[in-house]
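Asker: The structure is given below, and queries will be raised subsequently.
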Amino acid sequence: MNLKGEYIIPASKNTVWEHLNNTETLKKSIKGCETLDKVSATEFNAKVKAKVGPVSAIFNGSVSLTELDPPNSYIITGQGKGGAAGFAKGSVKITLFDKDTPNNTLLKYEGNAHVGGKLAQLGSRLIGGVVQSTADDFFKTFNNYINSIENPESIINKTIVSNKEVSKYTNIPYWVWVSSLIAIIVIIVAFFA
């Protein structure tokens with residue numbers, strides 16, 4: 001399954017990078033995250049309770065970061081198991097770009113994931129929809145959390161721009177398989193770990 005998407009986050013690139021590497025921010029942004037531990041500067045272990053269609057399980061996984069180019073990009077590689085629900089592994093490149101407007105960052109991600117077990121039996125259409133929904137939820141929560149810390153006086157006033165809205169403004173076609181950093185972390189850890 002191919003993963004691709006982009007979001008506009010209303011914060012500076014350095015701030016977004018800092019929070020994408022902060023276990024507290026990630027744990028609060030990942031729905032169902034029970035634990036998220038930083039093993040080293042480039043490795044995380046997580047336990048996430050998630051439901052994909054009729055399959056519900058606790059997923060245990062590990063994620064590593066490679067090809068770090070702070071605060072511009074890195075590659076997230078993850079693998080893990082959800083017991084009878086199945087297993088997965090995947091890799092996603094996250095890239096951050098400064099936008100023309102101050103304190104706005106464009107986050108793009110692209111990669112792939114491989115699933116097996118009950119998850120693979122659900123079909124790519126169902127998994128793709130859940131991945132997109134999870135990515136959107138992650139970035140809304142991620143955005144709100146960053147704003148609550150960085151701009152407490154304007155928490156409600158700033159929102160992220162979703163993939164559909166980015167496509168509308170940049171004439172980039174909207175792909176059905178668009179999904180989401182950590183949402184990628186969410187995706188890899190929550191569903192494929």
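Every number in this text was worked out from the coordinates using simple rules, so none of it is lab data. Computed from a prediction, not measured in an experiment: that's the story for all the values here. Here the Cβ positions follow ideal geometry from the backbone for every residue, glycine too, while neighbour counts run over all protein chains shown.
Asker: Based on the alpha carbons, how large is the Rg to Rh ratio for the range 3-117 when Rh follows Kirkwood?
Answerer: Numbers: Rg = 14.9 Å, Rh = 15.1 Å.
Rounded to two decimals, Rg over Rh is 0.99.
Asker: Enumerate the calculated ³J(HN,Hα) couplings along the range 83-89 in order (Karplus 6.51 cos²θ - 1.76 cosθ + 1.60, θ = phi - 60°), each rounded to whole Hz, writing x wherever the residue is Gly or Pro.
Answerer: Coupling constants for the range 83-89: x, 5, 5, x, 9, 6, 8 Hz.
Asker: Next up: Using the beta-carbon distance between ASN14 and SER56 and R0 = 35 Å, what value does 1/(1 + (r/R0)^6) give for FRET efficiency, to the nearest 0.05?
Answerer: After rounding to 0.05, the efficiency reads 0.40.
Asker: Let me ask another. Quick one: net charge of SER62's neighbours, Cβ under 13 Å, K/R +1, D/E -1?
Answerer: +2
Asker: Give me the number: length gained by fully extending THR66 to ASP137, i.e. 0.36 nm times residue separation minus the C-alpha to C-alpha distance, one decimal in nm.
Answerer: 23.0 nm
Asker: Oh, and also: Mind giving me the FRET efficiency for SER73 and VAL39? R0 is 30 Å, r the Cβ-Cβ distance, nearest 0.05 is fine.
Answerer: Values: r = 21 Å, r/R0 = 0.71.
The formula returns an efficiency of 0.90 here.
Asker: Too long at a 20 Å Cα-Cα cut-off: which of LYS13/LYS99; LYS27/LYS140; LYS4/LYS49; LYS47/LYS108; LYS28/LYS99? Could the numbers behind the result be given before it?
Answerer: Values: LYS13/LYS99 9 Å; LYS27/LYS140 14 Å; LYS4/LYS49 24 Å; LYS47/LYS108 25 Å; LYS28/LYS99 26 Å.
Cα-Cα > 20 Å for LYS4/LYS49; LYS47/LYS108; LYS28/LYS99; rest within.
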